[in-house]
Amino acid sequence: QVQVVESGGGSVQPGGSLTLSCVVSGRIFSTAAMAWYRQTPGNERELVAGVTNGGRTNYANFVQGRFTISRDNAKDTAYLQMNNLKIEDTAVYYCHAKPKYSPNRYWGQGTQVTVYS
């Protein structure tokens, strides 16, 4: 059974940094494309960053140069390093896993990131 578990959220002031982690169990990680999404109340979930199983990355324009997505296949873990956080980055951040040879998609439960002044 596949489980996706995020951690690392918290509260920081503008300009601060946080690193989110996403551990995936169920032996799918090495072939899965991983992504981070975020959602605020009343809005749809939006893509923040993604990394393919081959290591190719893509980012939303609003995080370019500030966030870095990475993965460690030995630990079945994806990361989102968030620097120079802004108040508008406040959201629940979700990890998403899409195995290469399966139509299934898996979501974590979300982790809250709050940037306050």
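The values are calculated or read from the model by the stated rules, or taken from the named source; none is laboratory data. None of these values were measured; they are calculated from a predicted model. We place every Cβ from the backbone using ideal geometry, glycine too, and count neighbours over all the protein chains shown. Accessible surface areas use protein heavy atoms only, side chains included; no ligands, DNA or RNA. Shrake-Rupley method; radii C 1.70, N 1.55, O 1.52, S 1.80 Å.
For trypsin sites (Lys or Arg not before Pro), the sites in the range 38-110 that DSSP calls loop and that have at most 11 other Cβ atoms within 10 Å are ARG56. Only loop residues by DSSP count here, and only those with at most 16 other Cβ atoms within 10 Å; note down the chymotrypsin sites (Phe, Trp or Tyr not before Pro) in the range 37-117 that meet that. Sparse-neighbourhood loop chymotrypsin sites (Phe, Trp or Tyr not before Pro): TYR101, TYR116. With 0.36 nm allotted per residue and the present C-alpha distance subtracted, the LYS100-ARG66 stretch has 9.4 nm of extension available. Express the carbon and sulfur contribution to the solvent-accessible surface of the chain as a percent, rounded to the nearest whole number, probe 1.4 angstrom. Heavy-atom surface of the chain belonging to carbon and sulfur, 1.4 Å probe: 46 percent. On a per residue basis, the chain carries 54 Å² of accessible surface, using protein heavy atoms and a 1.4 Å probe.
Find how much the distance from LYS75 to ILE87 grows on full extension, using 0.36 nm per residue of separation minus their present alpha carbon separation; answer in nm with one decimal. Show your work: numbers first, answer last.
Working: separation 12, 0.36 × 12 = 4.32 nm, distance 3.13 nm.
That pair, LYS75 and ILE87, stretches by 1.2 nm at full extension.
If eta is 1.567 mPa s and T is 4 °C, what Stokes-Einstein diffusion coefficient results for the range 1-56, Kirkwood Rh from Cα pairs, in µm²/s? After rounding, the answer is 97 µm²/s.
Across the range 47-73, the residues whose backbone nitrogen lies under 15 Å from the label position 7 Å along the beta-carbon direction of VAL2 are 51-53. How many angstrom lie between the Cα centre of the range 1-40 and the Cα centre of the range 99-114? Cα centroid to Cα centroid, the span is 8 Å. In plain terms, if you count all Cα to Cα distances in the range 39-92 and split them into 5 Å steps from zero, the share in each step is 4, 17, 26, 23, 17, 9, 3, 0 percent. Length available on full extension from ARG56 to TYR116: 0.36 nm per residue minus the Cα-Cα distance, which gives 18.4 nm. For the chain, averaging the sequence separation of C-alpha pairs within contact (under 8 Å, six or more residues apart) and dividing by the residue count gives a relative contact order of 36 percent. Positive end of the dipole of the chain (Cβ unit charges, origin at the Cα centre): among THR77, ALA32, CYS22, the Cα lying farthest that way belongs to ALA32.
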